[in-house]
Amino acid sequence: MRKVEVISYQKQWSLEFKQEANVLNQIFNQEIVHIDHIGSTAVEGLKAKPVIDIMAVCKDIHSIDTYNEAMAEIGYVAKGENGLPGRRFFEKGGYQRTHHVHVYQKGDSEVARHLAFRDYLRTHPKEVTRYGGVKEDLARRFPYDIKSYIVKKNGIVKEIEHKALMWYDTAIRD
């Protein structure tokens, strides 16, 4: 059973992302347009589950399926779309999860959503504190129930996401 653990921000998360991004660039070679660190571990000061979320943007999403074996060789399990059409998802670490890789095709709206959420939090410290507190509380309340943790967290995620997308749209135009 996977324990829901939310911990204080760790500076090494940025380094762990860079190391894994280098490996992923070698595996996917010419398919990847860019790789970004997303999710809570990408926001300095934000409490997070210690899982590095990585978003890779590719030229052709269907070509990513041909890399499942190469990803397995470095410890990832291919999960296909895993509930989000147009995405390819990989997880590493089993019950002691260490990394998630989300792959989207260039132009997919999910790319902007992830970047907006991350960048909004990076520039709004009060939201970081509020969001981190909610996550910490939920982890205490649901230590062995990841589904309840996610469902209960969804409200604040959608609220921040809405603000982030409006902010991001304005920031891009400026």
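The values are calculated or read from the model by the stated rules, or taken from the named source; none is laboratory data. Fair warning: this is a prediction, and the values are worked out from it, not measured in the lab. Neighbour counts are summed over all protein chains in view; Cβ atoms, including those assigned to glycine, are modelled from backbone coordinates with ideal geometry.
When Gly83 is evaluated against the numbered criteria (1) at pLDDT below 95; (2) surrounded by 13 or more Cβ atoms within 10 Å (Cβ to Cβ); (3) in a loop (DSSP other than H, G, I, E, B), which criterion, by number, is the only one it fails?
(2)
Let me confirm something: among Phe90, Phe117, Phe17, which residue is in contact with a His (Cβ under 8 Å, 6 or more places away or on another chain) and assigned to a helix (DSSP H, G or I)? Steps first, please.
Details: Phe90 fails: assigned to a helix (DSSP H, G or I); Phe117 fails: in contact with a His (Cβ under 8 Å, 6 or more places away or on another chain).
Result: Phe17 is the single residue among Phe90, Phe117, Phe17 that is in contact with a His (Cβ under 8 Å, 6 or more places away or on another chain) and assigned to a helix (DSSP H, G or I).
Identify the single condition in (1) touching a helix residue (DSSP H, G or I) at 6+ places or on another chain (Cβ under 7 Å); (2) in contact (Cβ under 8 Å) with a residue 40 or more places away in the chain; (3) not in a strand (DSSP E or B) that Gly133 does not satisfy, given that it satisfies every other one.
Looking at each condition in turn, Gly133 falls short on (1).
Out of Lys106, Lys126, I need the residue that is without any contact (Cβ under 8 Å) to a residue 12 or more places away in the chain and closer than 22 Å to Thr170 by Cα. Which one? Break it down stepwise before answering.
On the way: Lys106 fails: without any contact (Cβ under 8 Å) to a residue 12 or more places away in the chain.
Being without any contact (Cβ under 8 Å) to a residue 12 or more places away in the chain and closer than 22 Å to Thr170 by Cα holds for just one of Lys106, Lys126, which is Lys126.
Please enumerate the residues belonging to the stretch 102-111 that are under 15 Å from Asp53 (Cα atoms) and assigned to a helix (DSSP H, G or I).
Let us first name the residues in the stretch 102-111 that are under 15 Å from Asp53 (Cα atoms), namely 102-104, 110-111.
Matches in the stretch 102-111: Glu110, Val111.
Is there any pair with a first residue in the stretch 56-76 that is over 20 Å from His37 (Cα atoms) and a second that is of a type in the set (Val, Ile, Thr) and not in a strand (DSSP E or B) whose Cβ atoms are under 8 Å apart and which are 6 or more apart or on different chains, and what are they?
Close Cβ pairs (under 8 Å, with a partner that is of a type in the set (Val, Ile, Thr) and not in a strand (DSSP E or B)) amount to Tyr67/Ile27; Ala70/Ile27.
So which residues in the stretch 120-130 are part of a helix (DSSP H, G or I) and more than 17 Å from His37 (Cα to Cα)?
Start the filter on the stretch 120-130 by keeping residues that are part of a helix (DSSP H, G or I), which leaves 120-123, 125-130.
Once the filter is applied, which keeps residues that are part of a helix (DSSP H, G or I) and more than 17 Å from His37 (Cα to Cα), the stretch 120-130 yields Pro125, Lys126, Glu127, Thr129, Arg130.
So how many residues does the stretch 20-38 have that are under 26 Å from Arg122 (Cα atoms), touching a helix residue (DSSP H, G or I) at 6+ places or on another chain (Cβ under 9 Å) and either among the basic types (Lys, Arg) or assigned to a helix (DSSP H, G or I) (or both)?
Matching residues across the stretch 20-38 total 1.
Find the residue count for the stretch 127-154, including only residues that are surrounded by fewer than 16 Cβ atoms within 10 Å (Cβ to Cβ) and among the aromatic types (Phe, Trp, Tyr).
1
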